[in-house]
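The values are calculated or read from the model by the stated rules, or taken from the named source; none is laboratory data. Just so it is clear, the structure is predicted and the values come from calculations on it, not from any experiment. No Cβ is skipped: glycine too gets one built from the backbone with ideal geometry, and neighbour counts run over all protein chains shown. The area values use the complete protein model at the heavy-atom level, side chains included, leaving out ligands, DNA and RNA. Shrake-Rupley method; radii C 1.70, N 1.55, O 1.52, S 1.80 Å.
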There are 2 protein chains.
Amino acid sequence: MSRPKPQKRATVHDIAAAAGVSRGTVSRVLNGGYVSAEARAAIEAAITDVGYVPNNAARTLKMRRSQAVAFVALEPHSLFLDDPNIGAIMLGANAALSLADHQMVSLVVESARDTERVARYLSGGFVDGAIVVSARTRDPIIKVIADLRIPAAFVGHPPELSDSIPFVGIDNVGSARSITARLAASGRRRIGMIAAALDRDSGLDRLTGFKNALGTEFDPSLVADVPHYDYGSGVKGMRLLLEREPAIDGVFAASDAIAAGALEALREAGRSVPGDVGVVGFDDSTWAVRCQPQLSTVHQPAKELGSFAAQLVLRQLAGEQVEHHGELLDTPIIWRDSA
Amino acid sequence: MSRPKPQKRATVHDIAAAAGVSRGTVSRVLNGGYVSAEARAAIEAAITDVGYVPNNAARTLKMRRSQAVAFVALEPHSLFLDDPNIGAIMLGANAALSLADHQMVSLVVESARDTERVARYLSGGFVDGAIVVSARTRDPIIKVIADLRIPAAFVGHPPELSDSIPFVGIDNVGSARSITARLAASGRRRIGMIAAALDRDSGLDRLTGFKNALGTEFDPSLVADVPHYDYGSGVKGMRLLLEREPAIDGVFAASDAIAAGALEALREAGRSVPGDVGVVGFDDSTWAVRCQPQLSTVHQPAKELGSFAAQLVLRQLAGEQVEHHGELLDTPIIWRDSA
DNA sequence: TTGTAAGCGTTATCAC
DNA sequence: GTGATAACGCTTACAA
């Protein structure tokens with residue numbers, strides 16, 4: 001029992017036959033070239049008549065261009081389920097690609113099986129380039145993409161091995177330093193941090209920024225180290241901090257989701273925010289305005305990250321040699337009510 | 001200044017030349033056919049030697065199969081940014097497709113421009129089938145897909161016009177009825193609902209289920225009608241309900257996000273949950289366990305919806321005539337602490 | 001078991 | 001302006 005072939009569809013050949021012209025002429029009206037008004041009319045009539053739809057595979061084979069760009073999400077589980085940013089990044093990338101008449105196709109890499117299949121897909125000509133959102137560095141597919149020499153761009157810190165691939169990201173160290181400094185400037189004396197995902201660049205960098213801001217005031221016992229950027233981790237981290245230092249009066253949470261969890265833990269401990277404790281987050285995601293009080297946080301321009309990465313790929317596709325290999329986007333501090 | 005063609009890559013022809021055999025033999029080792037051990041060895045050596053990577057466009061053109069299935073997300077803005085389910089549905093679909101060695105490519109339809117481009121993409125042979133997650137019915141692309149006669153499946157209620165396309169969903173009416181009944185059975189007398197997205201089937205159906213459960217007890221003034229399935233709407237809806245009926249002691253929220261918002265509004269009004277007011281949600285999303293107290297809710301099997309939809313497409317691809325056109329998955333009630 | 005050759009649907013290069 | 005014709009890289013009868 002073999003798989004049935006899809007029904008046969010009308011081709012350029014059929015149009016040509018129906019319109020009484022040659023395939024070349026048909027192709028010319030399809031792609032825009034010199035063709036007489038009458039021929040054009042006849043062909044256009046024939047096109048709708050036979051119900052023609054172009055075959056992308058054939059066109060790609062001939063043109064060596066698919067007009068498609070992949071959006072590769074590594075670690076999609078944590079990305080899609082915990083991180084509210086990935087959706088915005090996707091949408092930003094799609095908008096930019098759409099404007100340039102490119103189709104964004106997003107691929108999910110969750111298993112070893114996926115890694116291999118996606119690698120084949122990327123290398124097979126179905127896409128002209130790739131945007132990679134890498135939650136964690138050192139994913140096997142990163143090497144694959146570098147080896148493929150396909151026009152690509154990373155969102156987030158680029159893994160060490162592929163400095164040939166441009167990226168766009170944010171200054172995690174600087175942003176963390178700024179918001180911590182601002183928190184300190186509001187008069188807080190005992191400031192702690194709920195640090196998350198220290199196995200990722202972003203997590204590590206935010207901790208570094210925190211240390212930088214505090215300088216000699218920095219107290220390692222006021223850092224709670226939690227695994228993920230999620231709400232539950234925030235609750236646990238805050239409880240830990242309260243236990244270690246009841247006099248704590250300021251907290252930098254490594255993400256808004258964590259900050260939201262921290263708010264919950266503070267509420268259960270009977271502390272008022274921002275009265276007793278000032279809390280700041282990171283991301284300016286939907287969490288930030290869902291909380292009570294709303295979070296003061298670092299705005300992460302997710303949409304812009306996506307569209308910038310798309311531009312990076314499009315420029316390479318246009319033959320431009322992308323010069324500076326990394327770009328950091330601005331992350332304004334949004335000061336709301338939680339600190 | 002025309003776009004540069006990508007560098008030339010090794011082809012089957014090159015392998016054949018390097019191994020001193022014909023293209024046919026090379027193809028045979030690539031696809032698994034009779035070939036002598038020595039020829040096989042020589043060819044495999046040549047493959048790695050010349051750095052061969054197969055050209056999918058050519059293969060698809062010949063085979064009329066891309067081994068790819070599209071995952072089309074309509075209204076991605078609300079879907080990706082507000083709805084925690086879409087990620088899980090995607091992951092479920094991807095896992096199922098991956099097992100069948102198909103590549104899931106997800107496409108986002110956000111603008112009219114997108115609609116047209118995606119329609120071209122779907123019809124052009126880049127994918128063998130499509131899974132459509134339609135937040136709202138009557139999206140223009142739905143007709144396109146129906147007309148395309150490409151193997152497809154919907155997640156969620158199928159729009160009226162395309163009863164030719166199978167779907168998988170949940171029984172929103174029944175689920176809403178069940179959880180409302182259970183809430184009533186816990187002794188609540190004045191039960192209200194925060195109804196959302198009444199322009200969608202899901203929203204309407206959940207309201208219907210609520211009415212059904214209450215029967216003659218149903219009081220239209222205890223329904224707050226909000227636009228979206230999000231936290232903010234929950235806060236507003238609950239405030240409205242409290243204003244209209246201070247004696248309210250039970251609330252069915254149309255989604256977990258809404259329930260979370262309702263909890264916030266109840267807290268600010270000084271009502272205890274579940275003491276003064278019992279609250280139930282819908283979805284069993286990440287919200288449900290982030291709340292304090294954790295939500296009693298209807299479990300929506302998002303991952304399974306995705307994988308079922310994938311199966312629906314795969315079965316059509318295998319030539320099977322998909323018989324019953326709609327399947328509803330179970331939605332067990334998860335009873336936690338909020339009621 | 002292997003080679004040959006045709007053809008998938010398109011676009012592009014030529015003559016006319 | 002338009003019509004032949006040759007690719008693009010691959011698979012697959014059919015011969016050998």
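Starting from residues that are at the interface with another protein chain (Cβ under 9 Å from one of its Cβ atoms) and in contact with a helix residue (DSSP H, G or I) (Cβ under 6 Å, 6 or more places away or on another chain), keep the ones in the range B:78-89 and report whichever is surrounded by the most Cβ atoms within 10 Å (Cβ to Cβ).
First, pick out the residues of the range B:78-89 that are at the interface with another protein chain (Cβ under 9 Å from one of its Cβ atoms): B:79-82, B:84, B:86-88.
Filter again for in contact with a helix residue (DSSP H, G or I) (Cβ under 6 Å, 6 or more places away or on another chain), leaving B:79-81, B:84, B:86-88.
Working: B:LEU79: 20, B:PHE80: 23, B:LEU81: 17, B:PRO84: 22, B:ILE86: 25, B:GLY87: 27, B:ALA88: 22.
Checked the range B:78-89; the qualifying residue surrounded by the most Cβ atoms within 10 Å (Cβ to Cβ) is B:GLY87.
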For A:LEU91, state whether it is in contact with a His (Cβ under 8 Å, 6 or more places away or on another chain), among the hydrophobic types (A, V, I, L, M, F, W, C), more than 12 Å from B:LEU107 (Cβ to Cβ) and assigned to a helix (DSSP H, G or I). yes
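Within the range B:62-77, restricting attention to residues that are of a type outside the set (A, V, I, L, M, F, W, C) and in contact (Cβ under 8 Å) with a residue 60 or more places away in the chain, which residue is nearest to the other protein chains (Cβ to nearest Cβ)?
Here the residue is B:ARG64.
State which residue is farthest from DNA strand D (Cβ to nearest atom) when the search covers only the range B:62-77 and only residues that are open to solvent by 30 Å² or more (accessible area, probe 1.4 Å) and not in a helix (DSSP H, G or I). Working first, answer last.
First pass over the range B:62-77, keeping only residues open to solvent by 30 Å² or more (accessible area, probe 1.4 Å): B:62-65, B:67, B:75, B:77.
Filter once more, so that each one left must be not in a helix (DSSP H, G or I): B:64-65, B:67, B:75.
Working: B:ARG64: 10, B:ARG65: 9, B:GLN67: 11, B:GLU75: 37 Å.
Ranking the qualifying residues of the range B:62-77, first place goes to B:GLU75.
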Single condition A:VAL289 does not satisfy, out of (1) crowded, with 24+ Cβ neighbours inside 10 Å; (2) without any contact (Cβ under 8 Å) to a residue 60 or more places away in the chain; (3) touching a Leu at 6+ places or on another chain (Cβ under 8 Å): (1)
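Out of everything in the range B:180-194 that is touching a helix residue (DSSP H, G or I) at 6+ places or on another chain (Cβ under 8 Å) and buried (at least 22 other Cβ atoms within 10 Å of the Cβ), what residue ends up being farthest from B:VAL235 (Cα to Cα)? Can you show your working first?
First, pick out the residues of the range B:180-194 that are touching a helix residue (DSSP H, G or I) at 6+ places or on another chain (Cβ under 8 Å): B:180-181, B:184, B:190-194.
The next check asks that each one be buried (at least 22 other Cβ atoms within 10 Å of the Cβ); those that pass are B:180, B:191-194.
On the way: B:THR180: 20, B:ILE191: 17, B:GLY192: 14, B:MET193: 13, B:ILE194: 10 Å.
Ranking the candidates gives B:THR180 first.
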Checked B:ALA146, B:ALA176, B:ALA152 against criteria (closer than 18 Å to B:LEU305 by Cβ, modelled with pLDDT of 80 or more, over 17 Å from the mean Cα position of the chain (by Cα) and open to solvent by less than 70 Å² (accessible area, probe 1.4 Å)); the one match is B:ALA176
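Report yes if B:GLY20 is within 11 Å of DNA strand C (Cβ to nearest atom) and surrounded by fewer than 14 Cβ atoms within 10 Å (Cβ to Cβ), otherwise no. Please lay out each step first, then the result.
Working: within 11 Å of DNA strand C (Cβ to nearest atom): yes; surrounded by fewer than 14 Cβ atoms within 10 Å (Cβ to Cβ): yes.
So B:GLY20 passes the test.
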Of all residues making up the range B:198-241, the number that are among the hydroxyl-bearing types (Ser, Thr, Tyr) and closer than 19 Å to B:ASP83 by Cβ: 4
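With respect to B:ASP171, determine if the residue is closer than 30 Å to B:VAL313 by Cβ, at pLDDT 95 or above and not polar (S, T, N, Q).
Numbers: closer than 30 Å to B:VAL313 by Cβ: yes; at pLDDT 95 or above: yes; not polar (S, T, N, Q): yes.
Yes, satisfied.
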Check whether at least one residue in the range B:52-61 is under 29 Å from the mean Cα position of the chain (by Cα), open to solvent by less than 40 Å² (accessible area, probe 1.4 Å), within 16 Å of DNA strand C (Cβ to nearest atom) and in contact (Cβ under 8 Å) with a residue 12 or more places away in the chain, and report yes or no. yes
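Identify the residue in the range A:254-296 that is of a type in the set (S, T, N, Q) and farther than 26 Å from A:THR208 by Cα and, among all such residues, is modelled with the highest pLDDT.
Among them, the one singled out is A:SER272.
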Here are the criteria: (1) in a helix (DSSP H, G or I); (2) open to solvent by 60 Å² or more (accessible area, probe 1.4 Å). Tell me which single one B:ARG9 does not satisfy. (1)
Determine the pairs where a residue that is more than 11 Å from every other protein chain (Cβ to nearest Cβ) and part of a loop (DSSP other than H, G, I, E, B), located within the range B:302-330, has a partner that is among the basic types (Lys, Arg) and surrounded by 15 or more Cβ atoms within 10 Å (Cβ to Cβ) with Cβ atoms under 7 Å apart, the partner being 6 or more residues away or on another chain. B:VAL322/B:ARG315
May I ask you to list pairs of residues, at least six apart or on different chains, whose Cβ atoms are under 9 Å apart, with the first in the range B:6-29 being in contact (Cβ under 8 Å) with a residue 40 or more places away in the chain and the second being among the basic types (Lys, Arg)? B:THR11/B:ARG23; B:VAL12/B:ARG23
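Could you tell me whether B:ALA41 is more than 12 Å from DNA strand D (Cβ to nearest atom) and surrounded by fewer than 18 Cβ atoms within 10 Å (Cβ to Cβ)? Give the derivation first.
Working: more than 12 Å from DNA strand D (Cβ to nearest atom): yes; surrounded by fewer than 18 Cβ atoms within 10 Å (Cβ to Cβ): yes.
Yes; evaluated as a whole, the condition is true for this residue.
Assess whether A:ASP49 counts as being surrounded by fewer than 20 Cβ atoms within 10 Å (Cβ to Cβ) and more than 10 Å from chain B (Cβ to nearest Cβ).
Numbers: surrounded by fewer than 20 Cβ atoms within 10 Å (Cβ to Cβ): yes; more than 10 Å from chain B (Cβ to nearest Cβ): yes.
Yes; evaluated as a whole, the condition is true for this residue.
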In the range B:22-38, residue farthest from the chain's Cα centre (by Cα) [restricted to those that are more than 29 Å from A:ARG149 (Cα to Cα) and either modelled with pLDDT of 95 or more or more than 9 Å from DNA strand D (Cβ to nearest atom) (or both)]: B:GLU38
Which one is nearest to B:VAL53 (Cα to Cα) among residues in the range B:24-39 that are of a type in the set (S, T, N, Q) and within 7 Å of DNA strand C (Cβ to nearest atom)? B:THR25
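Within the range B:266-283, count every residue that is surrounded by fewer than 24 Cβ atoms within 10 Å (Cβ to Cβ) and more than 10 Å from every other protein chain (Cβ to nearest Cβ).
Within the range B:266-283, the first condition is being surrounded by fewer than 24 Cβ atoms within 10 Å (Cβ to Cβ), and the residues that meet it are B:266-276, B:278.
Among the residues that remain, those that are also more than 10 Å from every other protein chain (Cβ to nearest Cβ) are: B:266, B:269-276, B:278.
Residues that pass the stated criteria total 10.
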Can you pull out every residue in the range B:94-132 that is more than 9 Å from every other protein chain (Cβ to nearest Cβ), under 22 Å from B:LEU314 (Cβ atoms) and outside any loop (DSSP other than H, G, I, E, B)? B:ALA96, B:LEU97, B:LEU122, B:GLY129, B:ALA130, B:ILE131, B:VAL132
Can you tell me which of (1) of a type outside the set (S, T, N, Q); (2) assigned to a helix (DSSP H, G or I); (3) more than 9 Å from DNA strand D (Cβ to nearest atom) is the one A:VAL53 doesn't meet? (2)
Which members of the range B:119-148 meet the condition of being more than 18 Å from A:GLY125 (Cα to Cα) and among the hydrophobic types (A, V, I, L, M, F, W, C)? B:ALA119, B:ALA130, B:ILE131, B:VAL132, B:VAL133, B:ALA135, B:ILE141, B:ILE142, B:VAL144, B:ILE145, B:ALA146, B:LEU148
